[in-house]
1. Please report, as a whole percent, how much of the solvent-accessible surface of the range 34-116 comes from carbon and sulfur atoms (probe radius 1.4 Å).
2. In square angstrom, what is the accessible area per residue of the range 46-126 with a 1.4 angstrom probe?
3. Calculate the length of the line joining the C-alpha centroid of the range 24-78 to that of the range 205-242, in whole Å.
4. If amide hydrogens are placed 1.01 Å from N in the peptide plane, which non-local residues have theirs closer than 5 Å to the one on Asp55?
5. If you average 1/r across every pair of different Cα atoms in the range 13-125 and take the reciprocal, what Kirkwood value do you get, in Å?
6. Dividing the Cα radius of gyration by the Kirkwood radius, what Rg/Rh value follows for the range 71-144?
7. Return a whole-number percent for the relative contact order of the range 59-176, with Cα pairs under 8 Å and 6 or more residues apart as the contact set.
8. With the other protein chains left in place, how much accessible area per residue, in square angstrom, belongs to the range 190-246 at a 1.4 angstrom probe?
Amino acid sequence: MRESYELDHMTKNNLQYFLDRFYMSRIGIRMLINQHTLMFGKDKTGHKRHIGSIDPNCDVVAIVKDAYENARFLCDQYYLASPELTIETHNAKLPGGKIECCYIPSHLYHILFELFKNSMRAVMEYHDDDQNEYPPIVVAVVSGLEDLTIKMSDEGGGIPRSVIDQLFHYTYTTAPQPSKADGPCAPLAGYGYGLPLSRLYARYFQGDLQVYSLEGHSTDCLIYLKALSEEANELLPVFNTTSSRHYTSGIATPDWTGNNPRF
(Lines give C-alpha, C1' and ligand atoms only; values in the text may rest on other atoms or scores of the structure.)
Protein backbone atom coordinates (compact mmCIF):
# COMPACT_ATOMS: atom_id res chain seq x y z
CA MET A 1 0.00 0.00 0.00
CA ARG A 2 2.79 2.43 0.85
CA GLU A 3 4.20 1.96 -2.67
CA SER A 4 0.86 2.39 -4.48
CA TYR A 5 -0.63 5.34 -2.59
CA GLU A 6 0.71 8.56 -1.12
CA LEU A 7 -0.83 8.85 2.35
CA ASP A 8 -1.52 12.20 3.97
CA HIS A 9 -0.63 12.88 7.60
CA MET A 10 -4.13 12.33 8.95
CA THR A 11 -4.53 9.01 7.12
CA LYS A 12 -1.18 7.81 8.45
CA ASN A 13 -2.21 8.73 12.00
CA ASN A 14 -5.54 6.93 11.64
CA LEU A 15 -3.85 3.89 10.13
CA GLN A 16 -1.32 3.78 12.97
CA TYR A 17 -4.07 4.17 15.58
CA PHE A 18 -6.22 1.44 14.02
CA LEU A 19 -3.42 -1.09 13.48
CA ASP A 20 -1.97 -0.62 16.98
CA ARG A 21 -5.38 -1.37 18.50
CA PHE A 22 -6.19 -4.15 16.04
CA TYR A 23 -2.92 -6.02 16.58
CA MET A 24 -2.97 -5.51 20.35
CA SER A 25 -6.46 -7.05 20.41
CA ARG A 26 -5.19 -9.90 18.27
CA ILE A 27 -2.28 -10.52 20.66
CA GLY A 28 -4.73 -10.66 23.57
CA ILE A 29 -7.15 -13.03 21.78
CA ARG A 30 -4.33 -15.32 20.70
CA MET A 31 -2.99 -15.30 24.25
CA LEU A 32 -6.38 -16.45 25.59
CA ILE A 33 -6.77 -19.18 22.95
CA ASN A 34 -3.25 -20.52 23.50
CA GLN A 35 -3.65 -20.42 27.26
CA HIS A 36 -6.94 -22.33 27.17
CA THR A 37 -5.65 -24.88 24.63
CA LEU A 38 -2.42 -25.57 26.48
CA MET A 39 -4.11 -25.93 29.86
CA PHE A 40 -7.24 -27.85 28.91
CA GLY A 41 -6.43 -29.40 25.53
CA LYS A 42 -5.78 -33.10 25.03
CA ASP A 43 -2.24 -32.67 23.69
CA LYS A 44 -0.20 -30.99 26.40
CA THR A 45 3.15 -30.47 24.71
CA GLY A 46 4.42 -27.55 26.78
CA HIS A 47 7.15 -27.60 29.38
CA LYS A 48 6.12 -29.11 32.72
CA ARG A 49 6.87 -25.94 34.67
CA HIS A 50 4.83 -23.74 32.32
CA ILE A 51 1.34 -22.59 33.27
CA GLY A 52 -0.17 -22.74 29.82
CA SER A 53 1.99 -20.43 27.72
CA ILE A 54 3.39 -18.61 30.79
CA ASP A 55 6.78 -19.56 32.19
CA PRO A 56 6.98 -18.58 35.90
CA ASN A 57 10.79 -18.83 35.70
CA CYS A 58 11.50 -17.59 32.19
CA ASP A 59 15.26 -17.76 31.50
CA VAL A 60 15.88 -14.44 29.75
CA VAL A 61 19.49 -15.14 28.70
CA ALA A 62 18.50 -18.49 27.15
CA ILE A 63 15.85 -16.76 25.01
CA VAL A 64 18.38 -14.11 23.96
CA LYS A 65 20.73 -16.84 22.76
CA ASP A 66 17.94 -18.72 20.97
CA ALA A 67 16.73 -15.61 19.14
CA TYR A 68 20.30 -14.70 18.19
CA GLU A 69 21.06 -18.12 16.71
CA ASN A 70 17.93 -18.12 14.55
CA ALA A 71 18.52 -14.56 13.35
CA ARG A 72 22.15 -15.44 12.69
CA PHE A 73 21.04 -18.33 10.48
CA LEU A 74 19.11 -15.88 8.25
CA CYS A 75 21.97 -13.38 8.26
CA ASP A 76 24.43 -16.07 7.14
CA GLN A 77 22.11 -16.94 4.26
CA TYR A 78 21.97 -13.34 3.03
CA TYR A 79 25.47 -12.05 3.77
CA LEU A 80 27.49 -15.28 4.20
CA ALA A 81 28.68 -13.92 7.54
CA SER A 82 27.24 -12.49 10.76
CA PRO A 83 28.33 -10.52 13.83
CA GLU A 84 29.05 -12.33 17.08
CA LEU A 85 27.06 -11.93 20.29
CA THR A 86 28.31 -10.62 23.63
CA ILE A 87 26.03 -10.95 26.66
CA GLU A 88 26.41 -8.98 29.88
CA THR A 89 24.20 -9.58 32.93
CA HIS A 90 23.59 -7.78 36.20
CA ASN A 91 21.14 -8.97 38.82
CA ALA A 92 20.49 -6.24 41.36
CA LYS A 93 18.13 -8.38 43.43
CA LEU A 94 20.38 -11.44 43.56
CA PRO A 95 23.98 -10.51 42.62
CA GLY A 96 25.54 -13.23 40.49
CA GLY A 97 22.24 -15.11 40.27
CA LYS A 98 20.33 -16.24 37.21
CA ILE A 99 18.00 -13.64 35.69
CA GLU A 100 14.46 -14.99 35.49
CA CYS A 101 10.99 -13.51 35.32
CA CYS A 102 7.38 -14.59 34.92
CA TYR A 103 6.71 -14.08 31.22
CA ILE A 104 5.56 -15.66 27.96
CA PRO A 105 8.75 -16.94 26.24
CA SER A 106 7.29 -16.69 22.73
CA HIS A 107 6.53 -12.97 23.19
CA LEU A 108 10.05 -12.19 24.35
CA TYR A 109 11.52 -14.34 21.57
CA HIS A 110 9.51 -12.46 18.94
CA ILE A 111 10.80 -9.08 20.15
CA LEU A 112 14.44 -10.20 20.36
CA PHE A 113 14.37 -11.99 17.01
CA GLU A 114 13.16 -8.86 15.21
CA LEU A 115 15.73 -6.66 16.93
CA PHE A 116 18.56 -9.08 16.14
CA LYS A 117 17.59 -9.15 12.47
CA ASN A 118 17.64 -5.35 12.30
CA SER A 119 20.96 -5.10 14.14
CA MET A 120 22.63 -7.75 12.01
CA ARG A 121 21.51 -6.14 8.78
CA ALA A 122 22.74 -2.74 9.95
CA VAL A 123 26.17 -4.09 10.96
CA MET A 124 26.66 -6.09 7.77
CA GLU A 125 25.68 -3.24 5.45
CA TYR A 126 27.50 -0.49 7.32
CA HIS A 127 30.86 -2.23 7.39
CA ASP A 128 32.91 -3.31 4.39
CA ASP A 129 32.00 -6.62 2.80
CA ASP A 130 35.61 -7.79 2.77
CA GLN A 131 36.02 -7.30 6.52
CA ASN A 132 36.90 -10.52 8.30
CA GLU A 133 35.51 -9.51 11.68
CA TYR A 134 32.41 -7.48 12.33
CA PRO A 135 31.67 -5.59 15.56
CA PRO A 136 29.70 -7.82 17.92
CA ILE A 137 26.14 -7.17 19.01
CA VAL A 138 26.21 -6.50 22.74
CA VAL A 139 23.19 -7.44 24.84
CA ALA A 140 22.97 -6.32 28.47
CA VAL A 141 20.34 -8.00 30.67
CA VAL A 142 19.69 -6.15 33.94
CA SER A 143 17.21 -7.19 36.61
CA GLY A 144 16.16 -4.40 38.97
CA LEU A 145 13.58 -4.10 41.69
CA GLU A 146 10.80 -2.94 39.37
CA ASP A 147 12.09 -3.37 35.82
CA LEU A 148 13.87 -6.06 33.88
CA THR A 149 15.71 -4.31 31.08
CA ILE A 150 17.36 -5.76 27.98
CA LYS A 151 19.61 -3.42 26.00
CA MET A 152 20.77 -4.47 22.54
CA SER A 153 23.63 -2.40 21.10
CA ASP A 154 25.10 -2.59 17.62
CA GLU A 155 27.69 -0.59 15.70
CA GLY A 156 25.70 -0.48 12.48
CA GLY A 157 26.04 3.22 11.74
CA GLY A 158 23.10 4.47 13.77
CA ILE A 159 19.90 6.17 12.63
CA PRO A 160 19.27 9.88 11.97
CA ARG A 161 17.19 11.52 14.69
CA SER A 162 14.77 12.77 12.03
CA VAL A 163 13.53 9.23 11.33
CA ILE A 164 13.56 7.78 14.85
CA ASP A 165 9.84 8.50 15.32
CA GLN A 166 9.03 6.80 12.01
CA LEU A 167 10.62 3.50 12.99
CA PHE A 168 7.42 2.36 14.68
CA HIS A 169 5.15 3.32 11.78
CA TYR A 170 3.60 0.49 9.79
CA THR A 171 4.15 2.40 6.56
CA TYR A 172 7.90 2.88 7.07
CA THR A 173 10.89 0.63 6.44
CA THR A 174 14.53 1.25 5.53
CA ALA A 175 14.81 -2.08 3.69
CA PRO A 176 13.65 -2.77 0.11
CA GLN A 177 10.44 -4.75 -0.38
CA PRO A 178 11.30 -8.49 -0.27
CA SER A 179 11.20 -10.17 -3.66
CA LYS A 180 8.73 -12.98 -4.27
CA ALA A 181 11.48 -14.72 -6.21
CA ASP A 182 13.44 -15.37 -3.03
CA GLY A 183 11.63 -18.70 -2.63
CA PRO A 184 11.03 -20.28 0.76
CA CYS A 185 13.83 -18.31 2.42
CA ALA A 186 12.38 -15.95 5.04
CA PRO A 187 13.19 -12.27 4.40
CA LEU A 188 15.54 -10.52 6.79
CA ALA A 189 13.60 -7.24 6.61
CA GLY A 190 11.40 -5.15 4.36
CA TYR A 191 7.78 -5.31 5.48
CA GLY A 192 7.87 -2.50 8.07
CA TYR A 193 5.92 -4.45 10.68
CA GLY A 194 8.76 -5.85 12.79
CA LEU A 195 9.34 -2.94 15.19
CA PRO A 196 5.69 -1.83 15.58
CA LEU A 197 4.55 -5.37 16.45
CA SER A 198 7.53 -5.91 18.74
CA ARG A 199 6.65 -2.76 20.67
CA LEU A 200 3.07 -4.00 21.05
CA TYR A 201 4.31 -7.34 22.43
CA ALA A 202 6.48 -5.45 24.91
CA ARG A 203 3.62 -3.15 25.96
CA TYR A 204 1.10 -5.99 26.31
CA PHE A 205 2.31 -6.65 29.85
CA GLN A 206 3.05 -3.00 30.74
CA GLY A 207 6.56 -3.00 29.28
CA ASP A 208 7.96 -0.94 26.42
CA LEU A 209 10.42 -0.89 23.53
CA GLN A 210 12.51 2.21 22.84
CA VAL A 211 15.23 3.01 20.31
CA TYR A 212 18.13 5.44 20.80
CA SER A 213 20.82 6.13 18.27
CA LEU A 214 24.18 7.79 17.68
CA GLU A 215 24.09 8.53 13.98
CA GLY A 216 27.32 7.45 12.32
CA HIS A 217 28.15 4.92 15.02
CA SER A 218 25.59 2.81 16.88
CA THR A 219 22.01 2.08 17.88
CA ASP A 220 20.66 0.98 21.27
CA CYS A 221 17.32 -0.81 21.60
CA LEU A 222 15.89 -1.11 25.10
CA ILE A 223 13.23 -3.63 26.07
CA TYR A 224 11.52 -2.90 29.37
CA LEU A 225 9.65 -5.70 31.16
CA LYS A 226 8.00 -5.72 34.57
CA ALA A 227 10.16 -7.52 37.11
CA LEU A 228 7.14 -8.16 39.34
CA SER A 229 4.43 -10.34 37.82
CA GLU A 230 1.67 -8.66 39.84
CA GLU A 231 2.42 -5.39 38.01
CA ALA A 232 2.38 -6.98 34.55
CA ASN A 233 -1.30 -6.50 33.77
CA GLU A 234 -2.67 -6.77 30.25
CA LEU A 235 -2.81 -3.57 28.24
CA LEU A 236 -5.81 -3.74 25.91
CA PRO A 237 -7.62 -1.13 23.79
CA VAL A 238 -11.04 0.14 24.82
CA PHE A 239 -13.63 0.47 22.07
CA ASN A 240 -16.21 3.19 22.71
CA THR A 241 -17.56 6.45 21.31
CA THR A 242 -14.46 8.35 22.33
CA SER A 243 -12.15 6.01 20.44
CA SER A 244 -14.27 6.23 17.29
CA ARG A 245 -13.97 10.02 17.30
CA HIS A 246 -10.24 9.66 16.68
CA TYR A 247 -10.89 8.97 13.00
CA THR A 248 -12.93 12.12 12.44
CA SER A 249 -11.07 14.65 14.58
CA GLY A 250 -8.68 16.88 12.70
CA ILE A 251 -4.95 17.21 13.21
CA ALA A 252 -4.08 19.84 15.81
CA THR A 253 -2.71 23.05 14.33
CA PRO A 254 1.02 23.44 15.10
CA ASP A 255 1.75 26.27 17.51
CA TRP A 256 5.56 25.99 17.48
CA THR A 257 8.06 26.96 14.80
CA GLY A 258 9.78 24.15 12.92
CA ASN A 259 8.52 21.06 11.13
CA ASN A 260 8.78 18.69 14.08
CA PRO A 261 7.78 20.43 17.34
CA ARG A 262 8.56 18.55 20.54
CA PHE A 263 5.98 20.27 22.79
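1. Exposed carbon and sulfur together represent 55 percent of the surface.
2. 49 Å²
3. 19 Å
4. Tyr103, Ile104
5. 16.6 Å
6. My calculation puts Rg/Rh at 1.06.
7. Computed value for the range 59-176: 30 percent relative contact order.
8. Per residue, the range 190-246 has an accessible area of 51 Å².
The values are calculated or read from the model by the stated rules, or taken from the named source; none is laboratory data. Everything quoted here is computed from the prediction, not taken from an experiment. Because the Cβ atoms are built from the backbone with ideal geometry, glycine has one as well, and the counts that use them run over all protein chains shown. When the accessible area is computed, the model is the full protein with side chains, heavy atoms only, and any ligands, DNA or RNA have been set aside. Shrake-Rupley method; radii C 1.70, N 1.55, O 1.52, S 1.80 Å.
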